[in-house]
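Inspection log for the structure reproduced underneath, given as structure tokens.
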Amino acid sequence: DLAAYLMKRTRRREISLGGDALDLGTGFAASLRRVLNQFKLRPVEETGGLLEELSCACDVPLPGKDLQSAELMTWEQLRALKAGGHGIGSHTFSHRVLATLSPEQQEREIKASRAELAARIGAEVLSFAYP
């Protein structure tokens, strides 16, 4: 989401990221896919500074945590969904791409997410949601 945010807000028609020239005009969709694939396919150890690099390339500052959280559901909204009979599934704790993590890191991400979600909604979490 942050990568798309930065790329949509830049005034530049082309940027360079990791040596790749990216067309943000007519080739926007393909360029966004290329950037997202870097996050999805490269080990997490190699992508730690990628958002900051993209922010600089786009000349667009990363949004603050308040804006990043503005479109997320609140804990109160999740509790209301659960009370209304909806199933709530966990995801990952920090939204890292599981395929880029070691099995131990994957386990920590999944378990921490499930534990926090269960504590916050006051109910057992039985399902896992993975896009």
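The values are calculated or read from the model by the stated rules, or taken from the named source; none is laboratory data. Note that the coordinates shown come from a computational prediction; the quantities given were computed from them, not determined experimentally. Reconstructed Cβ throughout: ideal geometry from the backbone, glycine too, with neighbour counts over all protein chains shown. Ligands, DNA and RNA are stripped out before the accessible areas are found, and what is left, the full protein with its side chains, is counted by its heavy atoms. Shrake-Rupley method; radii C 1.70, N 1.55, O 1.52, S 1.80 Å.
Among ALA115, ALA80, ALA70, which one shows the highest mean-square fluctuation when the chain is modelled as a Gaussian network with alpha-carbon springs under 10 Å? Ranking ALA115, ALA80, ALA70 by mean-square fluctuation puts ALA70 first.
The smallest convex shape that holds all Cα atoms of the chain, its convex hull, gives 122 Å³ per residue.
Accessible surface computed residue by residue for the chain, with neighbouring protein chains in place and a 1.4 Å probe, gives 67 Å² per residue. In the chain, helical runs assigned H by DSSP with n ≥ 4 each contribute -39500 (n - 2.57); averaged across all residues and rounded to the nearest 500, the mean residue ellipticity at 222 nm is -15000 deg cm²/dmol. Placing unit charges on the Cβ atoms of the charged side chains and taking the dipole of the chain about its Cα centre, the candidate lying farthest along the positive direction among ALA118, PRO43, GLY84 is GLY84. Normalising the average separation of contacting C-alpha pairs (under 8 angstrom, six or more residues apart) by the number of residues puts the relative contact order of the stretch 2-131 at 24 percent. Rounded to the nearest 20, the Cβ-based charge dipole of the chain about its Cα centre (Lys and Arg +1, Asp and Glu -1) stands at 320 debye.
Spin-label pair LEU36-LEU2: with each label point 7 Å from Cα along the Cα-Cβ axis, the two points sit 1.7 nm from one another. Please report the carbon-and-sulfur percent of the accessible area for the stretch 47-131; probe 1.4 Å, protein heavy atoms only, DNA, RNA and ligands left out. Carbon and sulfur atoms account for 56 percent of the accessible area of the stretch 47-131.
Can you give me the Rg/Rh ratio for the stretch 68-111, using Cα atoms for both radii and the Kirkwood formula for Rh? A ratio of 1.09.
Judged by the mean number of other Cβ atoms found within 10 Å, the most tightly packed of the peptides 95-107, 3-15 leads the ranking 3-15, 95-107.
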